[in-house]
Amino acid sequence: MRRTGALALLGAIAHGSLAASESLPRGVGPEFVKFFESKTTFTCIGNPSITLKASQVNDNSCDCPDGSDEPGTAACANIDPLSPEQPLPGSVTGTTNTTAALPGFWCVNAGHIGSYLPFMYVNDGVCDYELCCDGSDENTHAGGVQCENRCDVIGKEYRRLEEQRRQNKERSAKKRRTLVKESRELRRRVEVKIANLKTEVRDLDAKKAEMQAKFDEVERSERGKVVKSEGQGGKLGVLVGLAKSRVNELRNTLDKVMDQRDDLQDKVDQLEDILTKLKEEYNPNFNDEGVKAAVKAWEDYAAGQPSEPRGDLADSDIMEVLKEDSETSGINWAEFETGEASDVDVVYNWEAYLPVPVRDYVHQKLNLLRVWAIENGILADNPTSGGESRLVTAAREARDSATNAHSVKLGQLEEEQRELEKDYGPDDVFRALKGKCISGEAGEYDYELCWFDKTTQKSKKGHGNTNMGSFVRIDKEFVDEEERLDGKGLGKGQRLVLRYENGQGCWNGPNRRTDVYLGCAETDEVWRTVEAEKCVYRMEVGSPAACEDVQEPGVPIKDEL
Ligand code: MAN
């Protein structure tokens, strides 16, 4: 069988049109019959000014500049676009520069499908069964060749394969419709989720505003209030608070007394100096009774003073008492303050045992309840250790927790909205595949494709996995590849291409990326993976999602979906 550049002409196949009749010249295709109806003359198709005798048609001599007078011979093959250029390039005689009027030699192929064969293959001594199953291209039997008519067998096999292809296509299309259905359901679910989230966000927004207003109000009304007592709620807490204040008061007083004592001591020392000097320097011969009495009194006073300072109240002891209370010195008040839970704290402590989402919810509700209870005088509004009243703390926490809940919900809403707007291809069909993975081996690696997620190169030798890119978008590209017998190929036409980019960096090169070319198939399958250039991978993948829809007989698609 001949090489098939000639296949390009298959596009000109005509079905069920006027078949070439007995009276027509050889090789005239159905759409050109009207030019060959005259029994006496023939007018060149592309040059109507030239009229020939009917006998000049197919006389193996190229009389029309457009070759239209030789539909059944190779005489005008030189102006056939598939024939070698005539005169040959570089020839001084120039080129033909003419367009052929006829697309080729028409093989009727009764029992199969008629088709055009390039004129250069007519009567060249080779049976061109691929295009001319009836063998009519070799009527002169050049080189003794006899081309039998094989259209029965070839036509039958062709129809069998066609039927198989049709059934495959139908099955794939059916699977695609199932995927579209699944995608539609997934989309619907996301839409419902978004609607619910919108309501929740709206409610939480209102709650947030309400809590903010409440907090502002409480804070305003509490501002300027001096917090007098310390300690937490509960009876022991109140007592501890009072005791702590009292101890602090006493400590402050003692501190002041110490200062006063030191001042007085200074004064006593100064006076003692004066009197010591007086005693040493006065004139006993000078009969001054007042001075004598003073000196005598000073001597008595000095004799009565202890030689060592009194030891029952050492300065160091006083300094110890004056030290601020803390965990390591004096009284550890925190122990008392936190050791006994207040009435309110008891309610709060069991929250810790709840799962986080429930805890957040309960906490929020409890806060609201607490604010309400405090406002209505059911719970005591005891100030916290930071000096802020319980009411303000509760209002702040209620506000914060409402703000937090609002922003968490808003985040969820935005994520779902992004998900809904993502491009999942025609009919949203790929939505149903998201998150699923398939893989196929090539050389020393397994290559994994996770739909709309990432591609991975996995070493069979256990050298670890390499990220070949994360999904970024869907593109379309025209491909032109030989049809494969097993059907696992892209064929020819516009194909969807999934781009995966920004994978693991290539040594001394860019980040890895993968182009995933999609072809129609009954099942999801990685057909082949090649590294087209260093760290740029090309995957060819079959999937029903990539098929064209074929309407099932008698089932309107819209109703079905
Ligand atoms: C690994 C694989 C190859 C790649 C080289 C680049 O061996 O990821 O596909 O070409 O690294 O260094």
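The values are calculated or read from the model by the stated rules, or taken from the named source; none is laboratory data. Please read all numbers here as calculations on a predicted model, not as lab measurements. So basically every Cβ, Gly included, is an ideal-geometry build from the backbone, and we count neighbours across all protein chains shown.
So the values come out like this:
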{"item": "Tabulated pairs, segment 508-529, first modelled with pLDDT under 95, second within 16 Å of the ligand (Cβ to nearest atom), C-beta under 7 angstrom, 6+ apart or interchain", "result": "GLY509/LYS534; GLY509/CYS535; PRO510/CYS535"}
{"item": "In segment 159-180, the residues that are surrounded by fewer than 15 Cβ atoms within 10 Å (Cβ to Cβ) and either under 31 Å from the mean Cα position of the chain (by Cα) or not charged (D, E, K, R) (or both)", "result": "LEU161, GLN164, GLN167, THR178"}
{"item": "Residue check for CYS107: of a type outside the set (S, T, N, Q), modelled with pLDDT of 95 or more and under 17 Å from PHE32 (Cβ atoms)", "result": "yes"}
{"item": "Filtered residues of segment 247-285 (kept if surrounded by fewer than 10 Cβ atoms within 10 Å (Cβ to Cβ) and part of a loop (DSSP other than H, G, I, E, B))", "result": "ASN283, PRO284, ASN285"}
{"item": "Subset of segment 141-177 [among the polar types (S, T, N, Q) and modelled with pLDDT under 95]", "result": "GLN164, GLN167, ASN168, SER172"}
{"item": "Residues of segment 202-224 satisfying the condition of being modelled with pLDDT under 85 and surrounded by fewer than 12 Cβ atoms within 10 Å (Cβ to Cβ)", "result": "ARG220, ARG223, GLY224"}
{"item": "Some residue of segment 417-439 being within 16 Å of the ligand (Cβ to nearest atom), assigned to a loop (DSSP other than H, G, I, E, B) and either under 23 Å from VAL530 (Cα atoms) or within 15 Å of the chain's Cα centre (by Cα) (or both)", "result": "no"}
{"item": "Qualifying positions in segment 445-488 - more than 26 Å from the chain's Cα centre (by Cα) and touching a residue at least 60 places away in the same chain (Cβ under 8 Å)", "result": "GLY487"}
{"item": "Condition check for ARG261: under 30 Å from ASN332 (Cβ atoms) and out of contact with any helix residue (DSSP H, G or I) (no Cβ under 8 Å at 6 or more places or on another chain)", "result": "yes"}
{"item": "Unmet requirement for ALA6, which otherwise passes all of (1) touching a strand residue (DSSP E or B) at 6+ places or on another chain (Cβ under 9 Å); (2) modelled with pLDDT of 95 or more; (3) surrounded by 15 or more Cβ atoms within 10 Å (Cβ to Cβ)", "result": "(2)"}
{"item": "Top-ranked residue of segment 350-371 - restricted to ones that are of a type outside the set (A, V, I, L, M) and in contact with a Phe, Trp or Tyr (Cβ under 9 Å, 6 or more places away or on another chain), ranked as modelled with the lowest pLDDT", "result": "ARG359"}
